[in-house]
Amino acid sequence: MAGRVAVVTGGASGIGRAMAKRFVDAGMHVVIADVEDEALQTTAAELGVVGIRTDVADAASVQALADASVERFGTVHVLCNNAGVGGGGVIATATLNDWKWVLDVNLWGVIHGLHAFLPLLLANDDGGHVVNTASMAGLTAWPGIGPYNASKYAVVGISETLAAELRGSGVGVSVLCPGVVNTNIFQSQRNRPAELRNPTRNPGARAANSQVTNMVGIDATIVADHVHDAIVDDRFWIITHPELLTHVEERTHSLLDEGRR
Ligand SMILES: NC(=O)c1ccc[n+]([C@@H]2O[C@H](COP(=O)([O-])OP(=O)(O)OC[C@H]3O[C@@H](n4cnc5c(N)ncnc54)[C@H](O)[C@@H]3O)[C@@H](O)[C@H]2O)c1
């Protein structure tokens, strides 16, 4: 990892911040990208990394991030498509803007990242690695967060496709599927664009009480260690809460039982 260049979206907070710190500790050059400017500047200064304001929902903004990273460091080796927002609500009552906001950031953010950065990674003589942040909610559907589940299932599907397509290319792919991590995810409304607001959701409020928000989270540094090791070992699945895989097992059993009946 030492001497290589990493770009982490959503790097101003939570898991992205912890990944950026872990990469700095490994001797990497790091760019963090985030839409929340003040947190971005503070985190960049604290970690001693480059901070570039980026809206991952905007293709041009992500392309500008790629261009600025190349201008600064010559290339990019590790791309962490990590920026994300939580929730979206119960499907029966979610507004179209609830869907649009969550999918714009969580799904289109990943697509924009791949579109802008894959040519750089694939052109490297010394390869590269993509880490897409999905969630346990990309492997099993939790009630109350339909748009979020949709976005994360899509990120898992994109990652599996990409891994198959890039086999032998020198660019590895991992998908990060954590359970609950102690971050600012439950205050995601803070970064919601005004034109996509849902007046019933208070920007300052913690997400509604639910099965997910009541879970006790792990520290983001633990997640960052998993990510670092998965890149080094070139492993696809990054599972930080293996105890939650029982839900995946139940889902798979129900699929096989009903599908083969
Ligand atoms: N915290 C958890 O329990 C958990 C569990 C599974 C997956 N995840 C995923 O981890 C990733 C990181 O989230 P976190 O938990 O660290 O939350 P966080 O809110 O602490 O950090 C997310 C960061 O993304 C940034 N962001 C939001 N919208 C953006 C946009 N349009 N463009 C650029 N940056 C934007 C935020 O400003 C913030 O700094 C997300 O993809 C999230 O879905 C989190």
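The values are calculated or read from the model by the stated rules, or taken from the named source; none is laboratory data. Since we're looking at a predicted model, the values are computed, not measured. Quick reminder, even Gly has a Cβ in these numbers, built from the backbone with ideal geometry, and neighbours come from all protein chains shown.
So the values come out like this:
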quantity	calculated
Some residue of the range 174-187 being away from the ligand (no atom under 13 Å from the Cβ), buried (at least 20 other Cβ atoms within 10 Å of the Cβ) and closer than 18 Å to A230 by Cβ	yes
Checking G10 against (1) farther than 22 Å from Q187 by Cα; (2) touching an Asp or Glu at 6+ places or on another chain (Cβ under 8 Å); (3) surrounded by 24 or more Cβ atoms within 10 Å (Cβ to Cβ), the condition it does not meet	(1)
Members of the range 168-186 that are in a loop (DSSP other than H, G, I, E, B) and within 14 Å of G128 (Cβ to Cβ)	G168, S169, G170
For G109: the one exception among (1) farther than 28 Å from P199 by Cα; (2) touching a residue at least 60 places away in the same chain (Cβ under 8 Å); (3) not hydrophobic (A, V, I, L, M, F, W, C)	(1)
Residues of the range 77-100 that turn out to be part of a loop (DSSP other than H, G, I, E, B) and within 17 Å of M28 (Cα to Cα), as a count	1
Check on G89, surrounded by 21 or more Cβ atoms within 10 Å (Cβ to Cβ) and on the phi > 0 side of the Ramachandran plot	yes
Sole residue being touching a residue at least 12 places away in the same chain (Cβ under 8 Å) and either within 11 Å of the ligand (Cβ to nearest atom) or crowded, with 23+ Cβ neighbours inside 10 Å (or both), chosen from A123, A163, A137	A137
Cβ pairs under 6 Å, 6+ apart, first in the range 238-261 and surrounded by 11 or more Cβ atoms within 10 Å (Cβ to Cβ), second among the small types (G, A, S) and part of a helix (DSSP H, G or I)	I238/A230
Residue check for A68: at negative phi, of a type in the set (G, A, S) and crowded, with 23+ Cβ neighbours inside 10 Å	no
Count of the range 78-120 residues which are away from the ligand (no atom under 16 Å from the Cβ) and closer than 19 Å to T161 by Cβ	2
Long-range neighbours under 9 Å by Cβ, at least six apart or interchain, first residue within 15 Å of T9 (Cα to Cα) within the range 83-94, second of a type in the set (S, T, Y) and part of a loop (DSSP other than H, G, I, E, B)	A83/T54; G84/S135
The listed residue being touching a Pro at 6+ places or on another chain (Cβ under 8 Å), among the charged types (D, E, K, R) and more than 24 Å from R251 (Cα to Cα), out of D126, D104, D98	D98
Boolean, T54 is at pLDDT 95 or above, in contact with a Lys or Arg (Cβ under 7 Å, 6 or more places away or on another chain) and of a type in the set (S, T, N, Q)	no
Test result for L118, touching a strand residue (DSSP E or B) at 6+ places or on another chain (Cβ under 6 Å), touching a residue at least 12 places away in the same chain (Cβ under 8 Å) and surrounded by 17 or more Cβ atoms within 10 Å (Cβ to Cβ)	no
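Table: residues versus (1) among the aliphatic types (A, V, I, L, M); (2) part of a strand (DSSP E or B).
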{"site": "V105", "(1), (2)": "yes, no"}
{"site": "G113", "(1), (2)": "no, no"}
{"site": "A116", "(1), (2)": "yes, no"}
{"site": "L121", "(1), (2)": "yes, no"}
{"site": "D126", "(1), (2)": "no, no"}
{"site": "V130", "(1), (2)": "yes, yes"}
{"site": "A137", "(1), (2)": "yes, no"}
{"site": "T140", "(1), (2)": "no, no"}
